[in-house]
Each structure stands twice: as structure tokens, then as C-alpha cells.
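Take a look at the structure set out below.
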Amino acid sequence: TYYKNDGKTINYLYEYDKDTGNKVKEIHYPTKAMVFFINEYDKNTGIQVKETIYQDDGESIKFVIEYDKDTGKKIKETIYKIDGKTIDKIIRY
């Protein structure tokens, strides 16, 4: 866990797999009450498998990018409407 200069407010939070020691999740909090993004990683390879970006409210999803767990290549992008729930479009790579 990394804190902002005040020493109290979380800036980044990292989670690690207890067996492999690999990072499995990274959460960035630009302000105290909101999430900017969440990155998820394969516990065995450590390769990023998913990225979720939130809208300015820190709750509604803006888009989700999925990556191949073996190669790390982008395989799918899901873009949401302003409500953060309704899918606007899906792009497959």
C-alpha cells in the first residue's frame, strides 16, 4: 500500500498471490473516495489480464480492456455509456 503525502490517504493498493508472490491486483485512488483504475494480473504469469477504468465519479465504469493471459496482448475492449452499466460497444482484437 502506498499513501499520499499526508501519510493517511491511500494512493495505490497492491494485492499479491500468497502462493506465487505475484501481483494480482493494483488499485489507484486519485482521491480519498474514488477509484481511477483497477489492473488485474494472472497469478501464475504476473501478466496483466484486465484493466478497468472508471469515470470521474470513481464508481461508474468507463471501459474495460481484457488481455491474453499468456501473451499480454489486448484481446477485447468494452466501452460503457455514461451510466457505467450499459455497454456502448465491444471491440475485439
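Between rounded, prolate and oblate, where does region 2-92 land on the alpha carbon gyration tensor, with a ≥ b ≥ c its root eigenvalues, rounded for a/c under 1.5, else prolate if a/b exceeds b/c? It is oblate, given that a/c is not under 1.5 and a/b is not larger than b/c. Here the residues Thr1, Thr78, Thr9, ranked from fewest to most Cβ neighbours within 10 Å of their Cβ, fall in the order Thr1, Thr9, Thr78. In a fully extended conformation the segment linking Lys4 and Asp88 would gain 26.8 nm over its present Cα-Cα distance, using 0.36 nm per residue. Its Cα centre serving as origin, the chain has a Cβ charge dipole (Lys and Arg +1, Asp and Glu -1) of approximately 80 debye. Entry note, region 2-92: relative contact order of 15 percent, from Cα contacts under 8 Å with a spacing of 6+ residues.
FYI, it's all coordinate maths here, none of it is from the lab. Keep in mind the model is a prediction, meaning the values are calculated, not measured. Note that each Cβ is placed from the backbone with ideal geometry, even for glycine, and that neighbours are counted across all protein chains shown.
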